[in-house]
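J.: Supplied in structure tokens, the structure appears directly below.
The values are calculated or read from the model by the stated rules, or taken from the named source; none is laboratory data. Model, not experiment: these values are computed from the prediction. Please note: Cβ atoms are built from the backbone with ideal geometry, for glycine as well, and neighbour counts cover all protein chains shown.
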């Protein structure tokens with residue numbers, strides 16, 4: 001094979017300078033994995049912040065100087081000092097509940113008797129099974145709770161009970 005001046009060299013004769021190794025492509029799988037992990041981390045941090053701040057807000061709204069009413073899904077209402085309003089269970093102490101005593105009657109007499117029924121505030125602890133004056137109430141069973149005014153009829157009845 002002869003080489004003439006100015007003639008092109010065959011490709012197989014090219015020197016090392018002409019053969020560059022193929023550039024490696026950056027792995028997009030690694031970048032996507034980092035992005036997904038970052039998004040998940042940010043979401044977890046946001047969720048935990050919301051849960052913590054929401055919990056602080058719920059507990060901060062408890063008026064520790066007054067009583068609270070806790071309304072349950074079964075229609076029962078308990079009055080007491082709410083210690084914790086967050087998590088899976090609410091803690092209630094110094095507990096009272098209402099007991100309605102009315103005679104069983106029929107017809108119009110029952111309607112009239114319902115308005116004249118004897119409602120009593122009962123202190124928890126004197127029942128047959130002798131419970132302690134503390135309750136852990138499943139948050140799933142709580143419709144809502146609210147602070148009672150110091151001059152509410154229930155608050156006044158509790159104060160009268162404790163003075164006796």
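J.: Within the range 141-157, which residues are touching a residue at least 12 places away in the same chain (Cβ under 8 Å) and surrounded by fewer than 12 Cβ atoms within 10 Å (Cβ to Cβ)?
T.: Within the range 141-157, the first condition is being touching a residue at least 12 places away in the same chain (Cβ under 8 Å), and the residues that meet it are 141-150, 154-155, 157.
Of everything in the range 141-157, those that are touching a residue at least 12 places away in the same chain (Cβ under 8 Å) and surrounded by fewer than 12 Cβ atoms within 10 Å (Cβ to Cβ) turn out to be 143, 144.
J.: Specify the residue that is nearest to residue 89 (Cα to Cα); the eligible residues are those in the range 130-140 that are over 19 Å from the mean Cα position of the chain (by Cα) and either outside the structural domain of residue 81 (by TED's automatic domain parsing) or loosely packed, with under 12 Cβ neighbours inside 10 Å (or both). Show your work before the answer.
T.: Initially, the range 130-140 is screened for residues over 19 Å from the mean Cα position of the chain (by Cα), giving 130-134.
So of that shortlist, the ones also either outside the structural domain of residue 81 (by TED's automatic domain parsing) or loosely packed, with under 12 Cβ neighbours inside 10 Å (or both) come out as 130, 132.
Numbers: 130: 21, 132: 17 Å.
If we take residues in the range 130-140 being over 19 Å from the mean Cα position of the chain (by Cα) and either outside the structural domain of residue 81 (by TED's automatic domain parsing) or loosely packed, with under 12 Cβ neighbours inside 10 Å (or both), then 132 is nearest to residue 89 (Cα to Cα).
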